[in-house]
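Undergrad: Pasting a structure here, questions to come.
The values are calculated or read from the model by the stated rules, or taken from the named source; none is laboratory data. Please read all numbers here as calculations on a predicted model, not as lab measurements. With ideal geometry, Cβ positions are generated from the backbone for all residues, glycine too; neighbour counts draw on all protein chains shown.
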Amino acid sequence: MLGLMQDRPLLISQIIDFAATYYGDVEIVSRTIEGPIHRYTYRDAQVRAKKLAEALRSLGIRLGDRVGTVAWNGYRHFELYYGVSGIGAVLHTLNPRLAPDHVAYIANHAEDQVIFVDLNLLPVVENVIGQLKTVRHVVVMTDRAHMPAQSKIANLLCYEELLADKPGTLEWPEFDERTASSLCYTSGTTGNPKGVLYAHRSTLLHSMMMCSGPVLPLSPANTILPVVPMFHANAWGLVYAGPMCGCKLVFPGFRLDGESVYELLDKEDVDISAGVPTVWLGLLNYCEQNNKKLSKMKRTLIGGSAVPLAMIERFWRNHEVEVAQGWGMTEMSPVGTFTRFNRGERSLPDDQRFAIIAKQGRPVFGVEMKIVDDEGKELPRDGKASGNLVVRGPWIVSGYMKGEGTGAFMPGGWFHTGDVSKLEPDGSMVITDRSKDVIKSGGEWISTIDLENAAMSHPAVAEAAVIGVKHPKWDERPLLIVQLKPGANAGKAELLDFIQDKVAKWWLPDDVAFVDAIPHGATGKVLKTELRRTFKDYTLPTA
Ligand code: ADP
């Protein structure tokens, strides 16, 4: 026999053990639902995660059982991340912003046995309790003093009481690294939500990638505030990568408005944050209106939707914060590409650097990608051809929960992302659209993302979205929908004039509609489905 390396399994429990042993004094700071700021260390978190694991076992939870959470980012949710997966049960994070029918559908589909819920999200579970078929216990994530006096749910359990009498001495069990660790449903903007099941192995590989030099990189000198929710693709892996690297963690709870986020960033010396563009719009506006500067922040990771160029500029020019754009999907754990500067690029003039950040990034090591036409034939990586983006890698889904959505999986292990993109010769990937948002005008594609980007660089525009509207001659033409900043003024002609030289001439929207608020879905992305419904019968002036 030739000698080989040991085949030790990669398990999530190893992360919390490592953090408690080597970064035991490093803090986790949480804004609680009950009010005060809570602080403790990785050492404390490890003991409490073990107590939780002991409590789960006493509730009858075993390897493979699903445990649901309906919770914001906070220390008890963090304990669930480790306590549930640590004993080989599956942490199922539910999105509390989903419609009640979806919440019930997902909990039933996942066959959740127990649901842990934050105090102020209890109504989300109460609303659907009559429809839940497999849930045996509902645990409120608070102490006895804050437990609700009454509830539609009989026999509510109290989190702190469950933990109180447990020793916290459990030894994490060892099992195959290909065991399921957690479960997250895609938000289901079309059809029923589909379940994506992560494994211990895929989670650890993805987390190690996140820590690495070309990506974030992370070290004990960093303090991370994930604004991205722990119910959205594992907070992009930061809840694992942070402890691996000894980073201080700051959890914002449910207060995600500009002022609350600013206060935590400032007081807790946060230098790295992460979230979808919508959240950052709120923060940037708050800073501008109140003359505040993000003095400690160095980098922010933005993804989930295309990052407008104007946002990259505002972060750098007003706050010296560098934006890193990430692209990915729930199905990809979620990160697939990341802003990565090649040799010499970091010292480029601002505008050229911003242009690199405005692309979706370059693939991280471990993720392969290519673009294909509708017949599955590979298209060139020339920055001109655009096609269906397909990906594969060790932290990319190989099938949806219970065998649904098989159409997304191609021979050779390639997964259809549903995004339309270009691959550039220098390795960058540029998304032009989600395939369902694509506008086809006279047989040619128009990129809604490029148009939105152009519109959002106008100083009066708070947010913009572009959808296709029926047109008798061209089949579809773009309609620009704009939400202006409070007190700002800009007319149709001014906006179109502004966009004109930023995009191809025939892409120029045929009309502009003004709305009070652009609608957002459960993960903070623009809800184009709703906009399409609202403007279904819209007649363009050119029609
Ligand atoms: P959902 O939006 O359905 O809740 P995901 O969060 O998994 O689910 O969304 C993944 C999709 O979000 C991608 O397929 C892509 O369309 C879009 N997306 C993510 N990051 C970016 C980005 N940086 N730029 C453009 N689109 C992005």
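Undergrad: Just checking, does region 176-183 include any residue being out of contact with any strand residue (DSSP E or B) (no Cβ under 6 Å at 6 or more places or on another chain), more than 23 Å from residue 71 (Cα to Cα) and among the acidic types (Asp, Glu)? Before the answer, list the steps.
TA: Taking region 176-183 first, the residues out of contact with any strand residue (DSSP E or B) (no Cβ under 6 Å at 6 or more places or on another chain) are 176-177, 179.
Going one step further and asking which of them are more than 23 Å from residue 71 (Cα to Cα), we end up with 176-177, 179.
Narrowing further to those that are among the acidic types (Asp, Glu): 176-177.
Yes, that holds for at least one residue.
Undergrad: Where the second residue is within 6 Å of the ligand (Cβ to nearest atom) and part of a loop (DSSP other than H, G, I, E, B) and the first is within 17 Å of residue 199 (Cβ to Cβ) and among the hydroxyl-bearing types (Ser, Thr, Tyr) and lies in region 324-343, which pairs have Cβ atoms under 6 Å and are six or more apart or on separate chains?
TA: 330/186
Undergrad: Would you please name the residue that is nearest to residue 436 (Cα to Cα), looking only at residues in region 171-200 that are among the small types (Gly, Ala, Ser) and modelled with pLDDT of 95 or more? First the steps, then the outcome.
TA: Within region 171-200, the subset among the small types (Gly, Ala, Ser) is 180-182, 187-188, 191, 195, 199.
Imposing the further condition that a residue be modelled with pLDDT of 95 or more reduces the set to 180-182, 195, 199.
Details: 180: 30, 181: 31, 182: 28, 195: 20, 199: 29 Å.
The selected residue is 195.
Undergrad: Please enumerate the residues belonging to region 403-417 that are loosely packed, with under 12 Cβ neighbours inside 10 Å and touching a residue at least 12 places away in the same chain (Cβ under 8 Å). Step through it out loud before you land on a result.
TA: Just the residues of region 403-417 that are loosely packed, with under 12 Cβ neighbours inside 10 Å, to begin with: 403, 406-407, 411-412.
Passing the criteria: only 412.
Undergrad: Another one. Looking at region 208-242 only, could you name the residues that are in a loop (DSSP other than H, G, I, E, B) and in contact with a strand residue (DSSP E or B) (Cβ under 8 Å, 6 or more places away or on another chain)? Steps first, answer last, please.
TA: Filtering region 208-242 for residues in a loop (DSSP other than H, G, I, E, B) gives 212-222, 227-232.
Scanning region 208-242 gives 214, 215, 216, 218, 222, 227, 228, 229, 230, 231, 232.
Undergrad: Moving on. Of the residues that make up region 473-491, is at least one in a helix (DSSP H, G or I) and over 24 Å from residue 313 (Cβ atoms)? Working first, answer last.
TA: Our first condition is that a residue be in a helix (DSSP H, G or I); within region 473-491, this holds for none.
Within region 473-491, not a single residue is in a helix (DSSP H, G or I) and over 24 Å from residue 313 (Cβ atoms).
Undergrad: Here is a follow-up. Take the conditions away from the ligand (no atom under 16 Å from the Cβ) and either in contact (Cβ under 8 Å) with a residue 12 or more places away in the chain or within 25 Å of residue 282 (Cα to Cα) (or both) and apply them to residue 238. Does it pass? Give the derivation first.
TA: Numbers: away from the ligand (no atom under 16 Å from the Cβ): no; either in contact (Cβ under 8 Å) with a residue 12 or more places away in the chain or within 25 Å of residue 282 (Cα to Cα) (or both): yes.
No, not satisfied.
Undergrad: Identify, by number, the condition in (1) small (Gly, Ala, Ser); (2) free of Cβ contacts under 8 Å to residues at least 60 places away in the same chain; (3) away from the ligand (no atom under 16 Å from the Cβ) that residue 457 doesn't meet.
TA: With (1) small (Gly, Ala, Ser); (2) free of Cβ contacts under 8 Å to residues at least 60 places away in the same chain; (3) away from the ligand (no atom under 16 Å from the Cβ) applied to residue 457, the lone miss is (2).
Undergrad: Can you tell me which of 394, 425 is farther than 30 Å from residue 199 by Cβ, assigned to a loop (DSSP other than H, G, I, E, B) and touching a residue at least 12 places away in the same chain (Cβ under 8 Å)? Lay out the reasoning, then the answer.
TA: Working: 394 fails: farther than 30 Å from residue 199 by Cβ.
When all the criteria are applied, what remains is 425.
Undergrad: In region 192-212, what residues are over 16 Å from the mean Cα position of the chain (by Cα) and under 21 Å from residue 10 (Cα atoms)?
TA: 199, 200, 201, 202, 204, 205, 208, 209, 211, 212
Undergrad: What is the residue count in region 417-427 for residues that are more than 10 Å from the ligand (Cβ to nearest atom) and either at pLDDT below 95 or basic (Lys, Arg) (or both)? Explain how you work it out, then say what you get.
TA: Pass one, region 417-427, residues more than 10 Å from the ligand (Cβ to nearest atom): 422-427.
When the remaining residues are screened for being either at pLDDT below 95 or basic (Lys, Arg) (or both), the result is 422.
Residues that pass the stated criteria total 1.
Undergrad: From the list 12, 37, 115, which one is surrounded by 24 or more Cβ atoms within 10 Å (Cβ to Cβ) and under 25 Å from residue 221 (Cα atoms)? Steps first, please.
TA: Numbers: 37 fails: surrounded by 24 or more Cβ atoms within 10 Å (Cβ to Cβ); 115 fails: under 25 Å from residue 221 (Cα atoms).
Sole residue among the options that is surrounded by 24 or more Cβ atoms within 10 Å (Cβ to Cβ) and under 25 Å from residue 221 (Cα atoms): 12.
Undergrad: Next question, about the same structure. Let me confirm something: among 341, 365, which residue is more than 16 Å from the ligand (Cβ to nearest atom), more than 20 Å from residue 201 (Cα to Cα) and part of a loop (DSSP other than H, G, I, E, B)? Lay out the reasoning, then the answer.
TA: Numbers: 365 fails: more than 20 Å from residue 201 (Cα to Cα).
Going through 341, 365 in turn, the sole match is 341.
Undergrad: Quick one: in region 208-235, which of the residues that are among the polar types (S, T, N, Q) and away from the ligand (no atom under 16 Å from the Cβ) is nearest to residue 341 (Cα to Cα)? Even if it seems obvious, please write down each step before you answer.
TA: First, the residues of region 208-235 that are among the polar types (S, T, N, Q): 212, 219, 222-223, 234.
So of that shortlist, the ones also away from the ligand (no atom under 16 Å from the Cβ) come out as 212, 219, 222-223.
Values: 212: 14, 219: 19, 222: 20, 223: 23 Å.
Across region 208-235, the extreme among qualifying residues is 212.
Undergrad: Same structure again: Going by what's in this entry, would residue 85 be described as in a helix (DSSP H, G or I) and in the same structural domain as residue 273 (by TED's automatic domain parsing)? Outline the logic, then answer.
TA: Values: in a helix (DSSP H, G or I): yes; in the same structural domain as residue 273 (by TED's automatic domain parsing): yes.
Yes, satisfied.
Undergrad: Taking region 323-336 as the region of interest, how many residues are within 14 Å of residue 392 (Cβ to Cβ) and more than 8 Å from the ligand (Cβ to nearest atom)? So that I can check it myself, show each step before the final result.
TA: Of the residues in region 323-336, the ones within 14 Å of residue 392 (Cβ to Cβ) are 328-329, 331-333, 336.
Subsequent filtering for residues that are more than 8 Å from the ligand (Cβ to nearest atom) retains 333, 336.
The number of residues fulfilling the criteria is 2.
Undergrad: Select from region 296-322 the residues that are of a type in the set (A, V, I, L, M, F, W, C), within 11 Å of the ligand (Cβ to nearest atom) and surrounded by fewer than 24 Cβ atoms within 10 Å (Cβ to Cβ) and list them in ascending order. Talk me through it step by step, then tell me what you get.
TA: As a first pass, look at region 296-322 and keep what is of a type in the set (A, V, I, L, M, F, W, C): 297, 301-302, 306-307, 309-312, 315-316, 321.
If we keep only those that are within 11 Å of the ligand (Cβ to nearest atom) too, we end up with 301-302, 306-307.
Within region 296-322, none qualify.
Undergrad: A further question on this structure: Looking at (1) away from the ligand (no atom under 12 Å from the Cβ); (2) touching a Lys or Arg at 6+ places or on another chain (Cβ under 7 Å); (3) touching a residue at least 40 places away in the same chain (Cβ under 8 Å), which one does residue 430 not meet, given that it meets all the others?
TA: (1)
Undergrad: Further question: Across region 351-362, what is the total count of residues that are within 16 Å of the ligand (Cβ to nearest atom) and either on the phi < 0 side of the Ramachandran plot or not in a strand (DSSP E or B) (or both)? It would help to see each step written out before you state the result.
TA: So in region 351-362, the residues within 16 Å of the ligand (Cβ to nearest atom) come out as 354-362.
Cutting the leftovers down to either on the phi < 0 side of the Ramachandran plot or not in a strand (DSSP E or B) (or both) gives us 354-360, 362.
So the answer is 8.
Undergrad: Another question, then. So, residue 522, is that one within 16 Å of the ligand (Cβ to nearest atom), among the hydrophobic types (A, V, I, L, M, F, W, C) and touching a residue at least 12 places away in the same chain (Cβ under 8 Å) or not?
TA: Details: within 16 Å of the ligand (Cβ to nearest atom): yes; among the hydrophobic types (A, V, I, L, M, F, W, C): yes; touching a residue at least 12 places away in the same chain (Cβ under 8 Å): yes.
Yes, satisfied.
Undergrad: Is there any pair with a first residue in region 6-24 that is over 16 Å from residue 177 (Cα atoms) and a second that is in a loop (DSSP other than H, G, I, E, B) and at pLDDT 95 or above whose Cβ atoms are under 6 Å apart and which are 6 or more apart or on different chains, and what are they?
TA: Note: pairs meeting the criteria are 23/246.
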